[in-house]
Structures are given as C-alpha cells and as structure tokens.
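J.: My questions all concern the structure below.
The values are calculated or read from the model by the stated rules, or taken from the named source; none is laboratory data. Keep in mind it's a predicted model, so treat the numbers as computed, not measured. Surface areas here come from the heavy atoms of the whole protein model, side chains and all, with no ligands, DNA or RNA. Shrake-Rupley method; radii C 1.70, N 1.55, O 1.52, S 1.80 Å.
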Protein chains: 2
Amino acid sequence: MSNQERVAVGRSGGADACCPGLLTVPLDEEQAVDLAKVFKALGDPVRLRLLSMIASRAGGEVCVCDLTPAFDLSQPTISHHLKLLRQAGLIDCERRGTWVYYWLLPETTDRLAAVLTRPAQGATAEAAG
Amino acid sequence: MSNQERVAVGRSGGADACCPGLLTVPLDEEQAVDLAKVFKALGDPVRLRLLSMIASRAGGEVCVCDLTPAFDLSQPTISHHLKLLRQAGLIDCERRGTWVYYWLLPETTDRLAAVLTRPAQGATAEAAG
C-alpha cells in the first residue's frame, strides 16, 4: 500500500529529533495539524478496538476476516475504519489472495507515547536540538 | 469545576491495574469508548496547541487571557475547545476574578502514554534502519 496518503507524525526537520513533546514546548501549527490527524484516527471506539486487536495479535498480523466478526458492522464499514487507521500511519496491510492482512506500525504509537510523556522532572536538561 | 462530566480513562476495576495497554490485550467495548473520548479531544489542532501551551507553561498554569492571543479565533471558540479538553480530563481550571486559569492534569496524559507504550520487547532499538 502506498505511503503517499500517510500522515507524517512528529516530523521536525532535524536529525532524530523525533518528538517535540507536546508537554514540554508549545506545538507549532504544523506539528499540531499532523498530530491531530493521528489522534483523530484514535478518537473512535471501533477504530481503537481494531487497532488493539491488530496490535495485540500474537503472530503480529491479522486477517480482516478475523476482525469483522467481533463487530456488529458491515465489512465495508470495518474496511473504512481500517483505511483511516492506515492513513494515519498506525497500521499497514497487504492483500494475499482473497483477504487483506493488517499489522501495527509501532513507530507511530511509539511517537504518540513519547509526545505524551512528561520530561523526567528535575532531569530536563537533555534535548534541545 | 465539577468532576461529574469528566471521562474516566483506563478505569478497569482492579487494584492499580491502571492501563490495560491498548497494544497488549484487545480493548473491551467500554474501555474503547472511554479512551476514544480522550483521543477525540486531542484530535483537533487547536485543542492540541492549547493543551501544549498549558502543559509547557513554566508556572504550571495559564490565564485564558494568555491563550487567546495565539489564535485567530474568538474567545468563545477558545473557551469551547478548553471545555472539551476539560471534559476529557486533560486539564482543569479555576476562575479568579475576571479570568479563568488552566493547568494540565498529568494523570490523564500519563495514562494515554502508558496505554500507547509497547510492552518491552524489542522496544525502540530500531533507530536507523
């Protein structure tokens, strides 16, 4: 699946200055727009459950045919939610024969976790550039 | 300000079983509904910037009069966004005289960060592929 529709999270030009840290320095507008797209994708109970089912699957990936039965929703509705998760860069997928298989992109959840993590109080003298 | 309209994040009955961990075990429906409300509150660039401005303020709290000038938005619109953040349990506030003062409720962002954190597996060792 193509990357071009993905949202870039925590892009910030520099080296591996991955995560500005929402709680440390005021976000600029562009960072806020990027991050908000990902949080918005998580702002729905069905999508959260789908993400959780995919992320917690032992083998690391899940057939869409194993996701749908958990919901009282049509296959197209489930597919739409999965598409939004994919566009947010939270999951990726691959078609194999009849079915599509999904897996977590942990870089994105890692970044969100980092962005929401408070700097260790007292020991803040780490990052800056 | 009352607590009763707040969303409970990561409530899970047991002891201090704070965070089920979105990535570890499939969320149940109730957990997903609770969590989704908080992520939805974060799913807007203006609210993210407001939260970030509040959280990163040195003194720990911010007068609404210092928040509004950063946006091309009316005071009522800003107040509405702040109300949604408050209802999500992300911030709290107090009126003092003319102005309302806001501060972060770090328990909520801590919980979100925990929920998004992978159990220590190969955690973050994948820096430069």
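J.: On average, how much accessible surface per residue is there in the range A:27-128, in Å², for a 1.4 Å probe, leaving out ligands, DNA and RNA?
T.: Numbers: 4820 Å² over 102 residues.
Ligands and nucleic acids excluded, the figure is 47 Å² per residue.
J.: Ballpark to the nearest 100 Å², how much total accessible area do A and B bury together, probe 1.4 Å? Numbers along the way, then the final one.
T.: Working: alone 7920 and 7890 Å², together 13040 Å².
Buried surface at the A/B interface: approximately 2800 Å².
J.: Turning to a different aspect of this structure: Work out, step by step, the length gained on full extension between B:TRP103 and B:LEU73: first 0.36 nm times the residue separation, then minus their alpha carbon distance; give nm to one decimal.
T.: On the way: separation 30, 0.36 × 30 = 10.80 nm, distance 2.06 nm.
Here the answer is 8.7 nm.
J.: Report, by chain and number, residues whose modeled amide H sits under 5 Å from the one on A:VAL100, excluding near sequence neighbours (fewer than 5 apart, same chain).
T.: Hits under the 5 Å cutoff: A:VAL64, A:CYS65.
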